[in-house]
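The values are calculated or read from the model by the stated rules, or taken from the named source; none is laboratory data. Please read these numbers as outputs of a predicted model, since none were measured by experiment. Neighbour counts run over all protein chains shown; Cβ positions are idealised from the backbone, glycine included.
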Amino acid sequence: MNRETKIYNTLTRKKEIFKPIVKNHVGMYVCGPTVYGDPHLGHARPGITFDVVFRYLKHLDYTVRYVRNITDAGHLENDADEGEDKIAKKARLEQLEPMEIVQFYTLSYHKAMKDLNCLPPSIEPRATGHIIEQIEMVQKILKKGFAYEVNGSVYLDVNKYNESFPYGILSGRNLEDTLEGTRELDSQSEKKSAVDFAIWKKASPEHIMRWPSPWGEGFPGWHMECSAMSEKYLGKTFDIHGGGMDLMFPHHEAEIAQSNACNNCNPVNYWMHNNMITVDGKKMGKSLNNFINLEEFFTGNHEKLERAYSPMTIRFFILQAHYRSTIDFSNESLQAAEKGFTKLMNAFETIKTLKASNKSTCDIKKLKKDCYAAMDDDFNTPILISHLFSGVRIVNSIKDGKESLNDSDLEMIKSIFKTFVTDILGLVSDKNSDGNDLTSELMDLVLKLRTNAKKNKDFDTADLIREELQKSGIQIKDSREGTNWEIK
């Protein structure tokens, strides 16, 4: 399939027709987690966002190399090149080796991504596995005159860089604004300018994670890992770079500067940034005590959660908003997402039971065209979901005998749901560890209890079950064949 897809181009602030550097081959690099804590909802959003991009491009018959890094060294407590390495700090507090922390939380992250039905990336490099490449890149930048060494640390000279390349091309910040907004720290005195950033940092005596280098023992700057690893696996310039909106500055801006300084070319053609998740209008984070990790969502074990929410509910909740829009968490919004997800999946199951008629009374070709148009327009998953719910209405109308489809159109709508619900959006029925549909199992049990109550002439209990289900948005229908249920 040779369909072209539109991708939002942050560099030019407009939509462009996506054209990969190498025909039908796409290189995509996404900033992965810093593995020093349990994966949280903030990890879920880029994981799901770029999983959908990966799935859709593969559906369009592109060969995609999807690289997602693991940050396991060099990410300090703040972005002023100061403080303790986050992983080393966690290791010290828990009295473990740093690589024990890395392994534990990497496995935890992988489990969460699997629960959310995110496909694994093609390559998942770690910063600690690419120290040589990072040192070599620092050496090239020094040789070209865009960096300087002071007391065993190497800094990128932003003012010198700005003479040859426009600094701030991604974030829209010019050098003057950045200087005004940069607070001076005592330790910044060794820099030529407060805006300069470390591409190699000298290790203090107490620093655990350190490597030998031409400038003494130290560790790479946080920004350097992505520049070095993306070049190694995707080349000096590649197609798509993704990550959270909070990484645009300084992290991605620094990547552009490093790559330009080293290779004299922009590293990326298309930048994609997913927006933030908020709680009561504030960014979700540990400092505000509104932080909820994914395991707490799945178990309901958090004071802000009324109950547990399944991984597929979380995935559907995130896909209901465009990736560039903020999402505000609430129990009400999650419960609404749960109902919508269940309704969509029920229709998916209903399709399998439908019978073809001699004629079609619905335009299924338009439904298919609309679904592709939504994905072609900057991966617009909320619009796609709205079109799929148009399909849900068609399915339910056919089930009720109000509409009909001929053989080819029935096969087409089955294909639409399979392609867009499962293959592209990555939505599957919530399953328990035995691989069974847990929601259906629970409803079968509830309906069995109601049937037994009616047989025992305990009509008060039977009516109570019906009423409580209705309050939850579940409608049950009694017939000669038995009792059916559906989400309303």
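Any idea which residue in the stretch 288-340 is surrounded by the fewest Cβ atoms within 10 Å (Cβ to Cβ), counting only those that are basic (Lys, Arg) and more than 19 Å from the chain's Cα centre (by Cα)?
Arg307
The number of residues in the stretch 23-38 that are of a type in the set (A, V, I, L, M) and either more than 24 Å from Lys58 (Cα to Cα) or at pLDDT below 95 (or both) comes to 1. If the condition is being of a type outside the set (Lys, Arg), surrounded by fewer than 15 Cβ atoms within 10 Å (Cβ to Cβ) and under 24 Å from Gln320 (Cβ atoms), then the stretch 399-422 contributes only Ser415.
Of the residues making up the stretch 382-403, those that are within 17 Å of Thr353 (Cβ to Cβ) and in contact with a helix residue (DSSP H, G or I) (Cβ under 6 Å, 6 or more places away or on another chain) are Gly391, Val392, Val395, Lys399, Glu403. Of the candidates Glu176, Glu149, the single residue that is surrounded by fewer than 20 Cβ atoms within 10 Å (Cβ to Cβ), farther than 18 Å from Phe249 by Cβ and among the acidic types (Asp, Glu) is Glu149.
Taking the criterion of being surrounded by fewer than 20 Cβ atoms within 10 Å (Cβ to Cβ) and among the hydrophobic types (A, V, I, L, M, F, W, C), the residues of the stretch 375-391 that qualify are Ile383, Phe389.
Leu76 meets the conditions (1) at pLDDT 90 or above; (2) touching an Asp or Glu at 6+ places or on another chain (Cβ under 9 Å) in every case but one. The failed one is (1).
When you check Glu253 against the structure, is it buried (at least 19 other Cβ atoms within 10 Å of the Cβ) and of a type in the set (D, E, K, R), yes or no?
yes
Residue under question is Asp51, and the condition is that it be modelled with pLDDT of 90 or more, over 30 Å from Asp196 (Cα atoms) and touching an Asp or Glu at 6+ places or on another chain (Cβ under 9 Å); does it hold? No. Is it the case that Asp61 is out of contact with any Leu (no Cβ under 8 Å at 6 or more places or on another chain), in a loop (DSSP other than H, G, I, E, B) and among the acidic types (Asp, Glu)? Here the answer is yes, as Asp61 does meet what is asked. Kindly list, by first and then second residue, each pair from a residue in the stretch 375-386 that is farther than 13 Å from Leu425 by Cβ to a residue that is of a type in the set (Val, Ile, Thr) and buried (at least 21 other Cβ atoms within 10 Å of the Cβ), limited to pairs with Cβ atoms under 9 Å and residues at least 6 apart or on different chains. Every condition considered, the pairs that remain are Asp378/Ile7. The residues of the stretch 287-332 that are part of a helix (DSSP H, G or I), farther than 19 Å from Leu384 by Cβ and free of Cβ contacts under 8 Å to residues at least 40 places away in the same chain, listed by number, are Ser287, Leu288, Glu296, Thr299, Asn331, Glu332. Could you tell me whether the stretch 245-256 includes any residue that is acidic (Asp, Glu), modelled with pLDDT of 95 or more and not in a loop (DSSP other than H, G, I, E, B)? Yes, the conditions are met somewhere in the stretch 245-256. Within the stretch 159-173, residues that are under 17 Å from Cys265 (Cβ atoms) and modelled with pLDDT of 90 or more reach partners that are hydrophobic (A, V, I, L, M, F, W, C) and in a loop (DSSP other than H, G, I, E, B) with beta carbons closer than 6 Å, at six or more positions or on different chains, in the pairs Tyr161/Phe146. A Cβ distance below 8 Å, combined with a sequence gap of six or more or placement on separate chains, defines the contacts here; from the stretch 191-211, residues that are within 19 Å of Tyr148 (Cα to Cα) reach residues that are β-branched (Val, Ile, Thr) and assigned to a loop (DSSP other than H, G, I, E, B) in the pairs Ala194/Thr182; Val195/Thr182.
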